[in-house]
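Everything below concerns the one structure shown next.
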Amino acid sequence: MKRFRWVFFAGIAFLGSSALFYIVQIAIFKSPRDTFFYLLQDLAFVPIQVLIVTLIIDQLLTIREKRALLKKLNMVIGVFYSETGTSLLSLFNEFGSQNENIGKELLIGNDWSGRDFSSKSRTFRTFKYKIEIRTELLENLKVFLLGKRGFLLSLLENPNLLEHDSFTDLLWAVFHLTDELAARETLTGLPASDLAHLAVDIRRAKALLISEWLVYMNHLKEDYPYLYSLEIRKNPFDPDASPIVRSN
């Protein structure tokens, strides 16, 4: 309310000042016709000023700000995959069905284009993964995720991530899976219905993790090729992956 009053009185003051200047101009130059002519001419230019300043320049500045924010977010996403994401992909791969071979589709290389990454990201985001659960794998996954719980919480506290809906969805999916596993005192002897429920949680997190990984890899290829080179050598879907550079 106080802010509205300030704006209201400021507007009245500016309009009054403008009217006073016009009155002084008419009084001095004795030419109200010219004064009103230029007044209407100025008013006619106002919509063009609004178009240029509000719509065009404002949009350009907004796009620039979003690009700068996206760069910062990609740094956070890079830390996530370095600390948690890549290892989690390897763990999720162990839950994959023997009849499901998606690894060949994810052997990315220098010949991949932005269109390839986008297409694969959309495909694997909705892919119906076959999850085969074994108790020892669940135990390994639980230990890993609980060890990363503090790190995941710190990412969720980052307000900038609210601007990146898809990555936020990924964090929530991984954090939910962590909570599900932590809520069970033991993972031994779980009924089939509960294993099916955990399989759904794993499938959701895996789909989002792979989809966002592809988007992130595309970012590295375009902006940081030296980081991209290392990541493709560490590709969790490549059984022969090695960070060591070897001659052909």
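Things worth noting here:
- Dipole of the range 61-233, positive direction: furthest Cα of SER166, SER82, PHE144, with charges on the beta-carbon: SER166
- Going from the residue with the fewest nearby Cβ atoms within 10 Å to the one with the most, ILE26, ILE12, ILE131 rank ILE12, ILE26, ILE131.
- For the range 61-233: relative contact order, % (alpha-carbon pairs under 8 angstrom, 6 or more apart): 35
- Karplus-derived HN-Hα couplings along the range 177-193 (A = 6.51, B = -1.76, C = 1.60, θ = phi - 60°), whole Hz, x at Gly and Pro: 4, 4, 5, 4, 5, 5, 6, 9, 5, 9, 9, 8, x, 5, x, 4, 5
- Mean-position separation - Cα centroids, the range 167-225 and the range 101-128, in angstrom: 18
- DSSP-loop GluC sites (Glu not before Pro) across the range 74-147, with at most 15 other Cβ within 10 angstrom: GLU94, GLU100, GLU132
- With an a/c value of 1.5 or above and a/b larger than b/c for the gyration tensor axes a ≥ b ≥ c computed over the alpha-carbon atoms, the range 107-248 is described as prolate.
Read-outs throughout are calculated quantities, based only on the coordinates presented, and are distinct from any laboratory measurement. This is a predicted model, so every value here is computed, not measured. Because the Cβ atoms are built from the backbone with ideal geometry, glycine has one as well, and the counts that use them run over all protein chains shown.
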